[in-house]
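A short write-up of the structure that comes next.
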Amino acid sequence: MHSYNQTQAKIVTAALDLYLAHGIKKTTIEDVSNKCGVTRATVYRYFKDKKDLVRASFMLMVDLTQEAIADLDRHKNYDTKKSAERVRQAIKQLPRGDMPARVNELKSLYPDIFTEYRDSRLASIREIYKHVFDKAKQEGLLDPTEVNWDLMPAILSEATLFITESPLVLAHGMSFRDIYSAMIDLMLYGVMTKRKK
C-alpha cells in the first residue's frame, strides 16, 4: 500500500475521478490541479509527470483492496459472513465511472501500468478469496469431499478479474462494483452455503 500525505491523496483521488469521468487522454494536469484546488507546480512536486499520476491513481484502487485485506488480517475473529461484508464495504469505496472503458484506455496508453494494475488486482482478489475460504473451512461450510477447495479461490479470482473485461457482461452496463458484489454473492450463497442432506 502506498502512503500519501493529505495533499498527495487529494491529487490522486481527484485525478482518478477525472480519468473515470472524462478519460485519461482528455484529462490534463491542469484539470487535476483545478479540481483539487492546488497549483500545477504542486502536482508536479509529488508526481513527475502525467504517467506517474495515472499509475498512482489506478493503483489507489488496489490500495483500497489491500486495506480491506489488512483489516481481515487484524480481525481474525471475523466469521465468513463478516469477512465478506468487509469486502463488500471495500467494493463500495471503489470510484464510480466507466471503469471498463478506462481500463481499456489504460491498456492502450500505458501497457506497463495496465499490466502492473491488473497483476496487483489479481493478487489482491486471490488474497481476499483465500481468506474467506479459509474462514469457511474453519466453520465447516465446505464439504471436503465435493471439490478441491484449495483451488477454488484461484478459480474465482481469475473469474472475477476476467469477467470485468467480458463484452457479454459489459453489454449489461454493470459497473465494477456490481460485478464484484455479484461474485461475492455467488461465493457466499452459491459455493459456501452448507447443503442440507
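The values are calculated or read from the model by the stated rules, or taken from the named source; none is laboratory data. Because the structure is predicted, anything quoted here is derived from the model rather than measured. All Cβ positions, even for glycine, are placed from backbone atoms using ideal geometry, and neighbour counts span all protein chains on display.
Some notes on this structure:
- Of all residues in the stretch 80-92, those that are over 15 Å from Ile125 (Cβ atoms) and without any contact (Cβ under 8 Å) to a residue 40 or more places away in the chain total 3.
- From the list Asp134, Asp150, Asp112, the lone residue that is over 15 Å from the mean Cα position of the chain (by Cα), among the acidic types (Asp, Glu) and part of a loop (DSSP other than H, G, I, E, B) is Asp150.
- Scanning the stretch 31-82 for residues that are assigned to a loop (DSSP other than H, G, I, E, B) and small (Gly, Ala, Ser) gives a single hit, Gly37.
- Residue in the stretch 90-105 that is at pLDDT 90 or above and either under 25 Å from Thr160 (Cα atoms) or in a helix (DSSP H, G or I) (or both) present: yes
- Filter pass, Val62 being within 21 Å of Arg102 (Cα to Cα) and under 18 Å from the mean Cα position of the chain (by Cα): yes
- Being over 30 Å from Ile128 (Cα atoms), of a type in the set (Asp, Glu) and in contact with a Leu (Cβ under 7 Å, 6 or more places away or on another chain) is a description that applies to Asp31.
- Flag if Gly23 is closer than 22 Å to Met174 by Cα, out of contact with any strand residue (DSSP E or B) (no Cβ under 7 Å at 6 or more places or on another chain), at pLDDT below 80 and small (Gly, Ala, Ser): no
- Picking from residues in the stretch 9-30 that are outside any loop (DSSP other than H, G, I, E, B) and without any contact (Cβ under 8 Å) to a residue 40 or more places away in the chain, the one that is farthest from the chain's Cα centre (by Cα) is Glu30.
- Candidate set from the stretch 106-131 (those that are touching a Ser or Thr at 6+ places or on another chain (Cβ under 9 Å) and of a type in the set (D, E, K, R)); member that is modelled with the highest pLDDT: Lys107
- Flag for Lys135 being of a type outside the set (A, V, I, L, M, F, W, C) and surrounded by 19 or more Cβ atoms within 10 Å (Cβ to Cβ): yes
Residues checked against (1) among the aliphatic types (A, V, I, L, M); (2) surrounded by 16 or more Cβ atoms within 10 Å (Cβ to Cβ); (3) at pLDDT 95 or above; (4) more than 23 Å from Ser124 (Cβ to Cβ):
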position	(1), (2), (3), (4)
Gln6	no, no, no, yes
Thr42	no, yes, yes, yes
Asp63	no, yes, no, no
Ile69	yes, yes, no, no
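- Subset of the stretch 43-61 [farther than 19 Å from Ala21 by Cα and either touching a residue at least 60 places away in the same chain (Cβ under 8 Å) or of a type in the set (A, V, I, L, M, F, W, C) (or both)]: Val43, Phe47
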